[in-house]
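Chemist: Below is a structure I'd like to ask you about.
The values are calculated or read from the model by the stated rules, or taken from the named source; none is laboratory data. Not measured: the values here are computed from a predicted model. In this analysis, Cβ positions are derived from the backbone assuming ideal geometry, glycine residues included, and neighbour counts consider all displayed protein chains.
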Amino acid sequence: MADDQFPGWHGTTIIGVRKGSEVVIAGDGQVSLGPTVIKGTATKVRKLSPGGYDIIAGFAGSTADAFTLLERLEAKLEATPGQLQRAAVELAKDWRTDKYLQKLEAMLIVTDGTELYVVTGAGDVLEPEHDVTAIGSGGNFALAAGRALMDTDLDAETIARKAMAIASDICVYTNGNLTVESLPK
């Protein structure tokens, strides 16, 4: 099938919420190829422990590309234990300048329980202004819902779950099969 005829992989909504004493990353489980759901139970949020420090990462985009980036992030974290911001910046620099990595199509949300970042292939390491960030096809829906819920008495995990439920009701490339990981702040 020619590239211009390939329906393309769509899907995924990942949200990161930092509130109170916890930081949560949640992601849906749907993988779609064009209008077809290929899998409904994919795990797109993972807990990593490079150098003995816990990190949570959620990814949107090509799975193989995301795994490549997660491996690179783990290597950066092993080289700079306990320094998530430094590791994320180093990964973003490599991603932007390395000819192989430049072709990768994925985005990451990462946290160490204190910091919360979005890492992109454009060389960005972004920290959310309102302690909520989201990526993927339903990311804008989850982000809007999450931000609206931040002013409530709900905890970070409940906000993430409710925001993901709203996104899955709106975005056809997002389902309600969630993987949720949290770390104490």
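Chemist: Look through the range 1-26, keep the residues that are farther than 19 Å from T114 by Cβ and surrounded by fewer than 16 Cβ atoms within 10 Å (Cβ to Cβ), and return whichever of them is modelled with the highest pLDDT.
Modeler: The residue in question is D4.
Chemist: Let me ask something else about it. Exactly one condition in (1) among the hydrophobic types (A, V, I, L, M, F, W, C); (2) in a strand (DSSP E or B); (3) surrounded by 15 or more Cβ atoms within 10 Å (Cβ to Cβ) is not met by I38; state its number.
Modeler: It is condition (3) that I38 fails.
Chemist: Would you check which residues across the range 142-185 are assigned to a loop (DSSP other than H, G, I, E, B), within 14 Å of D131 (Cβ to Cβ) and modelled with pLDDT of 95 or more and list them? Walk me through it before giving the result.
Modeler: Let us first name the residues in the range 142-185 that are assigned to a loop (DSSP other than H, G, I, E, B), namely 150-155, 171-178, 185.
Those left that are additionally within 14 Å of D131 (Cβ to Cβ): 150-152, 154-155, 185.
Within the range 142-185, M150, D151, T152, L154, D155 meet the criteria.
Chemist: Can you find, within the range 92-141, the residue that is nearest to S168 (Cα to Cα) among those that are aliphatic (A, V, I, L, M) and part of a loop (DSSP other than H, G, I, E, B)? Give the derivation first.
Modeler: Our first condition is that a residue be aliphatic (A, V, I, L, M); within the range 92-141, this holds for 92, 101, 104, 106-110, 116, 118-119, 122, 125-126, 132, 134-135.
Right, trim to part of a loop (DSSP other than H, G, I, E, B) and you get 104, 122.
Working: L104: 26, A122: 27 Å.
By that ranking, first place goes to L104.
Chemist: Quick test of your reading of the structure: G29 fulfils all but one of (1) crowded, with 18+ Cβ neighbours inside 10 Å; (2) assigned to a strand (DSSP E or B); (3) touching a residue at least 40 places away in the same chain (Cβ under 8 Å). Name the failing condition by number.
Modeler: Every listed condition holds for G29 apart from (2).
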